[in-house]
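Data block below; observations after.
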Amino acid sequence: MVQLDYLLMFSLVGFSFSIFTLCLQYKHLLGALLSLEAMTLGLFVGVFSISSMFNVEGYMCLILITLGACEASLGLAVLVSLIRTHGNDYVFNYSLHKC
């Protein structure tokens, strides 16, 4: 039970740091996507530590790993598409008025 408390604190600290990093990422889109991935991993560790108390960690792990992989592949696809159309990944180059 004590290790679960440490895992939950670790996930909350990791999630908080990833939100802080996301707020500071204003230049490159790749940095923002990496901080979103860190946020997903922090949530994964938190849900794993909470669901292990109820003995359903196997199902929750499979669901969250699947959603995390889909999120990562979608983010990389959007990044590649934006680099091909705009030539770089600077956030200030993207505008809704250009669409």
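FYI, it's all coordinate maths here, none of it is from the lab. Since the model is a prediction, treat every value here as computed from it, not as a measurement. All Cβ positions, glycine included, derive from the backbone under ideal geometry; neighbour counts span all protein chains shown.
Odds and ends about this structure:
- Leu62 versus Ile50: modelled label distance in nm, points set 7 Å from Cα along the beta carbon direction: 2.1 nm
- Kirkwood-Stokes translational diffusion coefficient of the stretch 2-98, alpha-carbon pairs, 25 °C, 0.890 mPa s, µm²/s: 164 µm²/s
- For His28, the residues 5 or more places off, or on other chains, whose built amide H falls under 5 Å of its own are Val91.
- Length-normalised contact order of the stretch 2-98 in % [C-alpha pairs under 8 Å, at least 6 apart]: 31 percent
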